[in-house]
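Undergrad: Below you'll find the structure I mean.
Read-outs throughout are calculated quantities, based only on the coordinates presented, and are distinct from any laboratory measurement. In this text the structure is predicted, and so the values were computed from the model without any measurement. Glycine gets a Cβ as well: all are built from the backbone with ideal geometry, and neighbour counts include every protein chain shown.
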Amino acid sequence: MSYLSYLTPTLTSPWHTYLSQVDRVLPYLGPLARWAETLKRPKRALIVDVPIEMDDGSVAHFEGYRVQHNLSRGPGKGGIRFHPDVTLEEVMALSAWMTIKCAAVNLPYGGAKGGIRVDPKKLSEKELERMTRRYTSEIGIIIGPQRDIPAPDVNTNGQIMAWMMDTYSMNTGMTATGVVTGKPLHLGGSLGRVKATGRGVFVTGREAATRIGLPLEGARIAVQGMGNVGGSAAELFVQAGARLVAVQDHSATLVNPGGFDLAKANEVLRRDGGIANYADAERVDREAFWDVECDILIPAALEGQITPERAQRIKAKLVLEGANGPTLPQADDVLADRNVLVVPDVICNAGGVTVSYFEWVQDFSSFFWSEDEINARLDRIMVDALRKIWDTADHYKISLRTATYAVACERILMAREERGLYP
Ligand SMILES: NC(=O)C1=CN([C@@H]2O[C@H](COP(=O)(O)OP(=O)(O)OC[C@H]3O[C@@H](n4cnc5c(N)ncnc54)[C@H](O)[C@@H]3O)[C@@H](O)[C@H]2O)C=CC1
Ligand SMILES: O=C(O)CCC(=O)C(=O)O
């Protein structure tokens, strides 16, 4: 495996995980495999310095990134993450997974991602706004409604998107609602976007469960990360009759085989920003999360969580990757050997970007759809995409992950070939 000179990825790093996933699909790409190198390097990576005045008058510098991995099929698309562990290498992997994901659901986008290395919980609201605005100005040279469209990811939300949209609009002298998605409703946001990623996890999970004969009624689910993605997915599974038996977030790991009361859990999450003070569950050691008796496991937090060792202990029959890159390649093999079905991130969590696409289309047409219409379209796109991926997996006898890459990479590399090598 060849690495770019500016990176030194380890075997467990997200970029290494992504490269391994690409290598696994190459035998199924036929002559298109000759373009594979284009998938193994980002088209463009911008590192920006984000200096801001703190509330006490001092100046702090933060490191920000925007990476456009591939633009063969359309403008870049992908979220913005604010987290103390963000690195260029992580953002590269996240942007590459966006390329695969957008193509897997056939959206007319390439892949991009951005982030700032910061703990936003340590900033005041005003500091957060100043940082977001300065970052937007710095990456403003490569983003735009037809160039690259950011959206929320870990620790970013509608308010951050509103500041980004406003800053970009001020800098360009026009109201550019289409420059970001995941905006508040009265700024050109879309109904259904907040819960769309979790809804996509639910829809793909429902389809996969049906295929393996696992009834959702009474199914025990364990969720890591009760934020935008994990929280919405848990809600839909509970509505479908499943029982939430374990939750892990940054603050605690809680288990209740009888099932969590979701309304009470959400109240604690809203109040504290973490699950730790939810009373009606046993607090266990963080590592014990991977031993919990459950039928469906939903990692919906960060990358690299399912290691080969943890994969040996997982009790679930079905793993739904709400997070990006939660499973290491060797852990994929362990799960496959143990007959645990994994619905991979690049299709499982594609509901968010799909409704982002709806938002972008609605912004351009200035005509907004009903929530029922959005949810129905989302359901259809996810079901159709998963069906094609499943057929591909059956045809080649490969995992759903490699099958998703096969479907997506064919589309990406066909576009690459048709556009030609020279601009
Ligand atoms: N927001 C979106 O639309 C999409 C998000 N994703 C992915 O889903 C994952 C979660 O994103 P969001 O829900 O948006 O973020 P969020 O910021 O809303 O929630 C993150 C959750 O992860 C938990 N968490 C953080 N560190 C943890 C740790 N060390 N152990 C256990 N839990 C931890 C937090 O407590 C929180 O509950 C990320 O991998 C993200 O890239 C994927 C597709 C779209
Ligand atoms: O909604 C979007 O545009 C991107 C969401 C995202 O960052 C992701 O799917 O990982």
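Undergrad: At a Förster radius of 56 Å, what calculated FRET efficiency corresponds to the Cβ-Cβ distance of A33 and D291, to the nearest 0.05?
TA: 0.90
Undergrad: Let me ask something else. Take peptides 321-330, 174-183 and line them up by average Cβ neighbours within 10 Å, highest first, as a rough protection proxy.
TA: Per-residue mean Cβ counts within 10 Å order the peptides as 321-330, 174-183.
Undergrad: Suppose every Lys and Arg Cβ carries +1 and every Asp and Glu Cβ carries -1, with no other charges. What dipole size does the chain come out with about its Cα centre, to the nearest 20 debye?
TA: 960
Undergrad: Something else: With point charges of +1 on the Cβ of Lys and Arg and -1 on the Cβ of Asp and Glu, referenced to the Cα centre of the chain, which listed residue (Q159, A336, Y3) lies farthest in the positive direction of the dipole?
TA: Positive-most Cα among the choices belongs to Y3.
Undergrad: For the chain, give me the percentage of DSSP beta bridges that are antiparallel, rounded to the nearest 5 percent.
TA: 50
Undergrad: Of all DSSP beta bridges in region 42-174, what percent run antiparallel (nearest 5)?
TA: Among the beta bridges of region 42-174, antiparallel pairing accounts for roughly 65 percent.
Undergrad: Can you give me the span-like helices of the chain, meaning DSSP H runs with 20 Å or more of Cα extent along the axis and Kyte-Doolittle mean at or above 0.0?
TA: 88-104, 351-365
Undergrad: Just how large is the dipole of region 197-337 about the Cα centre, in debye to the nearest 20, putting +1 at every Lys and Arg Cβ and -1 at every Asp and Glu Cβ?
TA: Charge dipole, region 197-337, about its Cα centre: 320 debye, nearest 20.
Undergrad: Before anything else, pin down the relative contact order of region 197-337: Cα pairs under 8 Å, at least 6 apart, normalised by residue count, whole percent.
TA: After rounding, I find 23 percent.
Undergrad: Follow-up question, since we're still on this one. If you take every DSSP beta bridge whose two residues both sit in region 197-337, what share of them, in percent to the nearest 5, is antiparallel?
TA: Approximately 30 percent, going by the DSSP bridge assignments.
Undergrad: Then there is this: Just to verify a number: FRET efficiency for T10 and N171, C-beta to C-beta distance, R0 = 30 Å, to 0.05?
TA: Efficiency, from the Cβ-Cβ distance: 0.20.
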